[in-house]
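Chemist: Quick one: structure below, then a few questions.
The values are calculated or read from the model by the stated rules, or taken from the named source; none is laboratory data. Only a predicted model underlies this, so the values are computations on that prediction, with no experimental measurement involved. Ideal geometry is used to build each Cβ from the backbone, glycine not excepted, and the neighbour counts take in all protein chains shown.
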Amino acid sequence: MAKLNLLLLLVLVVCALGLVTSQHKARKLFSDLDRGQQRERQLDVVYGQLQLEASTWGLHARVSKIAVDKLGMHVPDPRRVVVVTRPAEAKQ
């Protein structure tokens, strides 16, 4: 009977250690998941800011202002503009 009790005690200790180990792994994985989700939210905010910045850089008014102020560009006189069209391809 003592051997059986000792065996059951050993099985109980092994099961308890297994339970503690699995709970520890589960908590660690949950912690990793939470950190990953926080990083995802941070990256979503940065992505939104970058999209807003990219749309601002391409605004027509901004491009026109830079062209005039920094590059000295101006709209050409319409009388000096020549429009070149591509000739229609020969039909076969």
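Chemist: Would you confirm whether or not segment 74-87 contains a residue that is part of a helix (DSSP H, G or I) and of a type in the set (A, V, I, L, M, F, W, C)?
Modeler: Checked against the condition, which is being part of a helix (DSSP H, G or I) and of a type in the set (A, V, I, L, M, F, W, C), segment 74-87 yields no hits at all.
Chemist: Please state which one of Leu43, Leu59, Leu50 is surrounded by 10 or more Cβ atoms within 10 Å (Cβ to Cβ) and modelled with pLDDT under 90. It would help to see each step written out before you state the result.
Modeler: Values: Leu43 fails: modelled with pLDDT under 90; Leu50 fails: modelled with pLDDT under 90.
Result: Leu59 is the single residue among Leu43, Leu59, Leu50 that is surrounded by 10 or more Cβ atoms within 10 Å (Cβ to Cβ) and modelled with pLDDT under 90.
Chemist: I would also like to ask the following. Sort out which residues of segment 1-19 are of a type outside the set (Val, Ile, Thr) and surrounded by 10 or more Cβ atoms within 10 Å (Cβ to Cβ), and write them in order of number.
Modeler: Leu6, Leu7, Leu8, Leu9, Leu10, Leu12, Cys15, Ala16, Leu17, Gly18, Leu19
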